[in-house]
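Below: one structure, written as structure tokens.
The values are calculated or read from the model by the stated rules, or taken from the named source; none is laboratory data. Keep in mind it's a predicted model, so treat the numbers as computed, not measured. Cβ atoms come from the backbone with ideal geometry, glycine included; neighbour counts cover every protein chain shown.
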Amino acid sequence: MKSKYTENIMMKISIGGSVTFAIIGFIWGVITNSQMIFFDGMYSLVGFGLSSISLLAVNFMNDKQENVKFQFGKDTIEPLVVIFKSFVIFVLCIYAIITSSQDIFTEGRKVDVENALVYAIFSTAVCIFVYLYLKRKAKNCYSELLKAEYDQWFMDTLLSTMVLLGFCIATILKRTSYYFIIPYVDPLLVLVAAIYFIKNPISTLKKSIQELLRMAPNQEIQGHVRNIIEDIESKYHINESYIRICKVGSTVFIEIDFILTDESRVKSIKESDAIREEIYENLKIIQHQKWLTVCFTENRKWAI
């Protein structure tokens, strides 16, 4: 329960930070005529909406009153929410690429560089603080939603850092004979940021769709499980087993079917339960919730 409470608090902090940055970004973007700052504010506004959806999803998943309807858990909600979040960010990046390209191929954009630089310093400092705070608090509370949340703040930190560097360069150029380049700095920053960030939602979309389709998880998880089962097989003289693994949200579903023979050292329910307990203990190395099913049969028909 403590981890769920922590997750809830972290979501609320993220929402508060996102709505604050959205308001500041919009106002400062209009004042400075900076598309980059406006994009930063838009990203924060999207982050606010998405974080709110995540908070609703967390509260719904923690509501035990609906468990009768969701007898295999509510873990599917996590990848569904992450897919929606990733798709919205993907669309935002595409929009930013189109608009910034239009500015670059026209006359650029005249920006109040000094005020934009002040915003960039403030934004970078706060984003770094929120990202590190969320990541530190989330160490003992593994959740795909929470991970997506501080990943989002990490992207916002990179975005703000890029804005800061860009406007530092623009401030320097203003005092040189290359001042004519300044109108192109802002749209170029937007274009580079959008192209860089678009790979993250694409990667997250792919991963979450794989979870919804209940495909096999990464090789690290599969390797841990197979090593544990190989040791069990050797120890209890079991010649054959079937392993099925998938990961949905923060839960790893593991089904193991052992095919027993006369030589197998499993002769009673008590011994089979002891093996289940041994597998469960060894699986603690995997930092996810586990849904473990272990079956024993002498007939391969019930395992394949």
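Conditions (1) assigned by TED's automatic domain parsing to the domain that holds I182; (2) within 16 Å of the chain's Cα centre (by Cα); (3) modelled with pLDDT under 70, marked per residue:
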{"residue": "F26", "(1), (2), (3)": "yes, no, no"}
{"residue": "I31", "(1), (2), (3)": "yes, no, no"}
{"residue": "M36", "(1), (2), (3)": "yes, no, no"}
{"residue": "D40", "(1), (2), (3)": "yes, no, no"}
{"residue": "V58", "(1), (2), (3)": "yes, yes, yes"}
{"residue": "V68", "(1), (2), (3)": "yes, no, yes"}
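Restricting attention to the stretch 257-304, the residues being assigned to a strand (DSSP E or B) and over 27 Å from the mean Cα position of the chain (by Cα) number 8. V192 meets each of the listed conditions (1) touching a Lys or Arg at 6+ places or on another chain (Cβ under 8 Å); (2) without any contact (Cβ under 8 Å) to a residue 40 or more places away in the chain; (3) assigned to a helix (DSSP H, G or I); (4) among the β-branched types (V, I, T) apart from (1). Would you confirm whether or not the stretch 210-228 contains a residue that is crowded, with 20+ Cβ neighbours inside 10 Å and not in a helix (DSSP H, G or I)? Checked the stretch 210-228: at least one residue is crowded, with 20+ Cβ neighbours inside 10 Å and not in a helix (DSSP H, G or I). Of all the numbered requirements in (1) aliphatic (A, V, I, L, M); (2) modelled with pLDDT of 85 or more; (3) in the same structural domain as D103 (by TED's automatic domain parsing), I228 misses one, and that requirement is (3). Residues in the stretch 195-234 that are of a type in the set (G, A, S) and in contact with a Pro (Cβ under 9 Å, 6 or more places away or on another chain): S208 only.
Any residue at all in the stretch 236-256 that is buried (at least 19 other Cβ atoms within 10 Å of the Cβ), outside any strand (DSSP E or B) and on the phi > 0 side of the Ramachandran plot? Within the stretch 236-256, one or more residues are buried (at least 19 other Cβ atoms within 10 Å of the Cβ), outside any strand (DSSP E or B) and on the phi > 0 side of the Ramachandran plot.
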